[in-house]
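A short write-up of the structure that comes next.
The values are calculated or read from the model by the stated rules, or taken from the named source; none is laboratory data. Here the structure is a predicted model, which is why all the values come from computation and not from measurement. Neighbour counts are summed over all protein chains in view; Cβ atoms, including those assigned to glycine, are modelled from backbone coordinates with ideal geometry.
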Amino acid sequence: MYHFISGYTAKVAGTEVGVTEPQTTFSACFGKAFLPLHPGKYADLLGKKMNENNVNVWLINTGWTGGPYGVGSRMKLKYTRATITAALEGKLDGVEFKTLPGFNLAYPTTCPDVPTELLNPRETWADKEAYDKKANHLAEEFVKNFAQYADGCSAEVLEAAPKAEVHA
């Protein structure tokens, strides 16, 4: 629900005039301009529907991997598709998951047709220190953006906020 409210994405070169490198951007519930109610209301509804229907929600990296702009590259579409297919077909049910520090998100340690090293974003970067710095910065951006919605959100949603932390 926290990530739904955040509506995180990135503007990338070629998608908008004047954008020459990826830029962090947020749009509440991925449609802020069209929301008549506080985003927390939509997140509560999403959470209720998820609980009633016992569904998993997957955040899929369709963006950047392997390093910062100029070093890394866009995630290959075939891996995005393979991850989505595996999730929809239940092939991720029962696999081992680990937790991404700072963001407290679980990621599978294996996924059919996806190289294992792509599943943990930190492992895709040769410079782990640079990854940690960028991940901490992104966590701070999430928190800064979310401050405008905090008053209308449940404690459960607020507890899901990323936390900048140093990786070991």
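For region 98-128, residues that are of a type in the set (A, V, I, L, M, F, W, C), farther than 18 Å from TYR79 by Cα and modelled with pLDDT of 95 or more total 1. Residues of region 123-168 that are in a loop (DSSP other than H, G, I, E, B), among the small types (Gly, Ala, Ser) and either under 18 Å from THR24 (Cβ atoms) or without any contact (Cβ under 8 Å) to a residue 24 or more places away in the chain (or both): ALA147, ALA161, ALA164, ALA168.
Condition check for ASP127 on (1) closer than 18 Å to PRO22 by Cβ; (2) charged (D, E, K, R); (3) crowded, with 17+ Cβ neighbours inside 10 Å: one failure, at (3).
Only one of the numbered conditions (1) at pLDDT below 95; (2) at negative phi; (3) among the small types (Gly, Ala, Ser) is violated by GLY94, and that is (2). Picking from residues in region 1-51 that are among the aliphatic types (A, V, I, L, M) and in contact with a Gly (Cβ under 8 Å, 6 or more places away or on another chain), the one that is surrounded by the most Cβ atoms within 10 Å (Cβ to Cβ) is ILE5.
Residues that are of a type in the set (Asp, Glu) and under 24 Å from PRO68 (Cα atoms) were ranked within region 1-52; the one that is nearest to the chain's Cα centre (by Cα) is GLU21.
To keep it simple, each residue is scored yes or no on (1) within 30 Å of PRO36 (Cβ to Cβ); (2) in contact with a helix residue (DSSP H, G or I) (Cβ under 9 Å, 6 or more places away or on another chain).
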{"residue": "MET75", "(1), (2)": "no, yes"}
{"residue": "LYS78", "(1), (2)": "no, no"}
{"residue": "GLU89", "(1), (2)": "no, no"}
{"residue": "VAL114", "(1), (2)": "no, yes"}
{"residue": "TYR131", "(1), (2)": "no, yes"}
{"residue": "GLN148", "(1), (2)": "yes, yes"}
{"residue": "LEU158", "(1), (2)": "yes, yes"}
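When region 53-84 is filtered for residues that are farther than 17 Å from GLN23 by Cα, β-branched (Val, Ile, Thr), without any contact (Cβ under 8 Å) to a residue 24 or more places away in the chain and surrounded by 12 or more Cβ atoms within 10 Å (Cβ to Cβ), only THR80 remains. In region 1-114, counting only helices (runs of 4 or more DSSP H) that sit wholly within it, the ones holding 2 or more residues that are among the aromatic types (Phe, Trp, Tyr) span 2-6. Applying the criterion of being of a type in the set (Phe, Trp, Tyr) and at pLDDT below 90 to the residues of region 55-78, the residue that is farthest from the chain's Cα centre (by Cα) is TYR69.
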